[in-house]
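Written below as structure tokens is the structure these notes are about.
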Amino acid sequence: MKHRDGDALLNDADAPPAAIQSVALSKGENVDDATPILVSACLAGQPCRYDGKATPHPVVLRLLEQGCAVPVCPEVLGGLNTPRECVELRAGRALCRSGRDVTDEFLRGAQASLERAHAAGCRRAVLKSRSPSCGTGRVYDGSFCGTLVPGDGIFAALLKRHGFSLCTEDDLPCEGTDTGLASKP
Ligand code: SF4
């Protein structure tokens with residue numbers, strides 16, 4: 001089954017190179033279009049998560065090897081250290097578990113990441129799911145109890161406002177499979 005965002009990308013008749021890129025990405029094939037894809041740096045193997053770890057995804061790693069990926073970590077670009085406190089969104093603010101408000105850092109990093117994306121010519125992104133910055137479609141509810149609610153991370157929301165097409169690693173096939181885009185629960 002194709003993801004609804006994937007359908008939109010594949011039907012984007014005004015941008016055939018982007019559609020070709022999307023098909024290739026969804027099938028784990030080589031991307032032969034020159035338009036770079038913005039990716040969450042942790043998916044590209046950078047240990048920039050709050051816990052100091054990476055979450056590499058094989059498709060994103062291959063994009064990187066092919067020179068098609070532009071990795072960014074908005075939280076690091078916003079000046080936050082790694083490792084750092086876990087953050088969730090509540091009432092439009094980015095709050096650490098301790099209660100420290102890091103909204104300004106999140107906004108600063110999102111803006112800096114957007115500028116990098118524009119400078120590189122990116123128009124679409126593969127982002128880390130559920131992150132308070134990069135999460136797309138679902139994020140944690142601010143209770144630190146593992147409860148997901150509909151919504152976007154601060155960086156993902158900014159990218160959407162600027163017309164980027166977004167998906168997360170949950171939408172990508174596993175390396176070596178031919179399943180196409182997965183449907184999001
Ligand atoms: S802000 Fe985004 S890129 Fe950085 S660690 Fe979190 S999910 Fe990954």
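Annotations
- Of the residues making up the range 68-93, those that are more than 8 Å from the ligand (Cβ to nearest atom) and acidic (Asp, Glu) are Glu85, Glu88.
- Test for Arg116: is it in a helix (DSSP H, G or I), out of contact with any helix residue (DSSP H, G or I) (no Cβ under 6 Å at 6 or more places or on another chain) and within 13 Å of the ligand (Cβ to nearest atom): yes
- Per the conditions (1) within 11 Å of the ligand (Cβ to nearest atom); (2) surrounded by 15 or more Cβ atoms within 10 Å (Cβ to Cβ), the sole criterion not satisfied by Cys122 is (1).
- Qualifying positions in the range 44-67 - within 13 Å of the ligand (Cβ to nearest atom), part of a loop (DSSP other than H, G, I, E, B) and modelled with pLDDT under 95: His57
- Residue within the range 137-153 that is out of contact with any Gly (no Cβ under 7 Å at 6 or more places or on another chain), within 11 Å of the ligand (Cβ to nearest atom) and at pLDDT 95 or above present: no
- Residue within the range 95-107 that is part of a strand (DSSP E or B), more than 9 Å from the ligand (Cβ to nearest atom), more than 16 Å from the chain's Cα centre (by Cα) and surrounded by 15 or more Cβ atoms within 10 Å (Cβ to Cβ) present: yes
- Residues (at positive phi and under 12 Å from the mean Cα position of the chain (by Cα)) located in the range 118-148: Arg130, Gly137
The values are calculated or read from the model by the stated rules, or taken from the named source; none is laboratory data. Note that this is a predicted model, so its numbers are computed, not measured. Positions of Cβ are generated from backbone atoms using ideal geometry, with glycine treated the same way; all protein chains shown enter the neighbour counts.
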